[in-house]
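Enquirer: Shown below is the structure under consideration.
The values are calculated or read from the model by the stated rules, or taken from the named source; none is laboratory data. Keep in mind that what you see is a predicted model, and the values were worked out from it rather than measured. Every residue, glycine as well, gets a Cβ built from its backbone with ideal geometry; the counts of neighbours run over all protein chains shown. Just the protein is used for accessible areas: all its heavy atoms, side chains included, with ligands, DNA and RNA removed. Shrake-Rupley method; radii C 1.70, N 1.55, O 1.52, S 1.80 Å.
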Amino acid sequence: MTDEPLLRVTALSKYYGSRIGCEDISFDLWPGEVLAVVGESGSGKTTLLNCLATRLLPTSGTASYRMRDNQWRDLYRMSEAERRFLMRTDWGFVHQNPADGLRMTVSAGANVGERLMAIGDRHYGNIRSTAVDWLGRVEIDEERIDDEPRAFSGGMRQRLQIARNLVTGPRLVFMDEPTGGLDVSVQARLLDLLRGLVTDLGLAAIVVTHDLAVARLLSQRMMVMKDGHVVESGLTDRVLDDPRAPYTQLLVSSILQV
Ligand SMILES: Nc1ncnc2c1ncn2[C@@H]1O[C@H](COP(=O)(O)OP(=O)(O)OP(=O)(O)O)[C@@H](O)[C@H]1O
């Protein structure tokens, strides 16, 4: 086993023209660790997440990822083929809107199964039984396997998107407001499910959220962003119980007053 991080981010900045998206972000992410990135709208959370997931190219800075063979790769210098392979196998990306991460007009089973085919599984029986297993793990009734996600509720769609992402056994999952846009009761159930899966699978994750309760429940560590900068970071419980930056104090107290 190794005691090295999984992801190492150094002085990452992204500018949109002269506007700051995010600036001078550095951190390490360890295997099995969940990091929450919180902050108000426009603070740069999505920009950072998209740079890390290589959906956006940063203006400067580096991010290195430790591959399964323990070789470090610079995310912004790898070949397109290598990047695609990583995204299909070792990484997941859970979008806030499930429609962005699912194929809405193919069956639930195919949504899960095609990710397995993408990594070379050709045995129909295996693919189907793994899909059934994963639907069960995200609490979707096996009877719905041939239904298209457009016939699903928002919560079911989100659970299906999670199954589609986790079926390949990724080591790192990016999540953009995974419970945003859902009813409060549906959110609570989904959070519970996500927490269980992340723990059982020993997943590392970077979760963008404006909801401190999501950060509290899912993450061990958090970074608070404002105007593109990290204003505070540390263990989640410490940051929420004893916020040091004035902005974090404001954020925490405004939630407590609600
Ligand atoms: N494509 C873009 N072109 C120009 N400016 C952008 C673009 N995307 C984001 N920005 C700007 O970058 C800054 C950070 O935005 P970002 O979307 O990363 O914040 P956020 O914290 O994710 O907000 P939200 O929670 O609303 O998504 C904002 O000032 C925003 O206006």
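Enquirer: Pick out the one residue from Arg88, Arg83, Arg55 that is farther than 30 Å from Pro246 by Cα and in contact (Cβ under 8 Å) with a residue 40 or more places away in the chain.
Expert: Among Arg88, Arg83, Arg55, only Arg88 is farther than 30 Å from Pro246 by Cα and in contact (Cβ under 8 Å) with a residue 40 or more places away in the chain.
Enquirer: Can you name every residue in region 170-192 that is of a type in the set (Gly, Ala, Ser) and either touching a Phe, Trp or Tyr at 6+ places or on another chain (Cβ under 9 Å) or open to solvent by less than 40 Å² (accessible area, probe 1.4 Å) (or both)?
Expert: Gly180
Enquirer: Checking the condition touching a Ser or Thr at 6+ places or on another chain (Cβ under 9 Å) and assigned to a strand (DSSP E or B), which residue from Arg73, Arg88, Arg115 passes?
Expert: Arg73 is the lone residue from the list that is touching a Ser or Thr at 6+ places or on another chain (Cβ under 9 Å) and assigned to a strand (DSSP E or B).
Enquirer: Also: Is it the case, given these coordinates, that Val173 is touching a residue at least 12 places away in the same chain (Cβ under 8 Å), away from the ligand (no atom under 16 Å from the Cβ), within 21 Å of Ile25 (Cβ to Cβ) and touching a Gly at 6+ places or on another chain (Cβ under 6 Å)?
Expert: Yes: the conditions hold for Val173.
Enquirer: Leu102 fails exactly one of the following numbered conditions: (1) open to solvent by less than 40 Å² (accessible area, probe 1.4 Å); (2) touching a Pro at 6+ places or on another chain (Cβ under 7 Å); (3) not in a loop (DSSP other than H, G, I, E, B). What is the number of that condition?
Expert: The number of the failed condition is (3).
Enquirer: I'd like to know if region 190-203 contains one or more residues that are within 12 Å of Gly32 (Cα to Cα) and either within 16 Å of the ligand (Cβ to nearest atom) or in contact with an Asp or Glu (Cβ under 7 Å, 6 or more places away or on another chain) (or both).
Expert: no
Enquirer: Out of all the residues in region 76-84, is one or more part of a loop (DSSP other than H, G, I, E, B) and within 16 Å of the ligand (Cβ to nearest atom)?
Expert: no
Enquirer: Mind listing whichever residues of region 161-189 are in a helix (DSSP H, G or I), within 14 Å of the chain's Cα centre (by Cα) and over 18 Å from Tyr65 (Cβ atoms)?
Expert: Answer for region 161-189, where residues must be in a helix (DSSP H, G or I), within 14 Å of the chain's Cα centre (by Cα) and over 18 Å from Tyr65 (Cβ atoms): Gln161, Ile162, Ala163, Arg164, Leu166.
Enquirer: Now a separate question. Collect the residues in region 109-137 that are open to solvent by less than 10 Å² (accessible area, probe 1.4 Å) and either within 17 Å of Val186 (Cβ to Cβ) or in contact with a Lys or Arg (Cβ under 6 Å, 6 or more places away or on another chain) (or both), keeping them in residue-number order.
Expert: Asn111, Val112
Enquirer: Next up: Scanning for something open to solvent by 50 Å² or more (accessible area, probe 1.4 Å) and at pLDDT below 95, does region 217-238 turn up at least one residue?
Expert: Yes, because at least one residue in region 217-238 is open to solvent by 50 Å² or more (accessible area, probe 1.4 Å) and at pLDDT below 95.
Enquirer: Could you list all residues from region 138-160 that are under 16 Å from Val106 (Cα atoms), touching a residue at least 40 places away in the same chain (Cβ under 8 Å) and either in a helix (DSSP H, G or I) or open to solvent by 30 Å² or more (accessible area, probe 1.4 Å) (or both)?
Expert: Of everything in region 138-160, those that are under 16 Å from Val106 (Cα atoms), touching a residue at least 40 places away in the same chain (Cβ under 8 Å) and either in a helix (DSSP H, G or I) or open to solvent by 30 Å² or more (accessible area, probe 1.4 Å) (or both) turn out to be Asp147, Glu148, Pro149, Arg150, Arg157, Gln158, Leu160.
Enquirer: Give the residue, chosen from Leu190, Leu172, that is touching a helix residue (DSSP H, G or I) at 6+ places or on another chain (Cβ under 8 Å) and of a type outside the set (Phe, Trp, Tyr).
Expert: Just a single option satisfies the conditions, and that option is Leu190.
Enquirer: Now, a different point. Just to be sure I understand, how many residues within region 55-69 are basic (Lys, Arg), within 16 Å of the ligand (Cβ to nearest atom) and touching a strand residue (DSSP E or B) at 6+ places or on another chain (Cβ under 6 Å)?
Expert: Number of matching residues: 0.
Enquirer: Go through region 15-54 and give me each residue that's part of a strand (DSSP E or B) and either open to solvent by 30 Å² or more (accessible area, probe 1.4 Å) or within 8 Å of the ligand (Cβ to nearest atom) (or both).
Expert: Tyr15, Tyr16, Arg19, Ile20, Gly21, Cys22, Glu23, Asp24, Ser26, Asp28, Gly39
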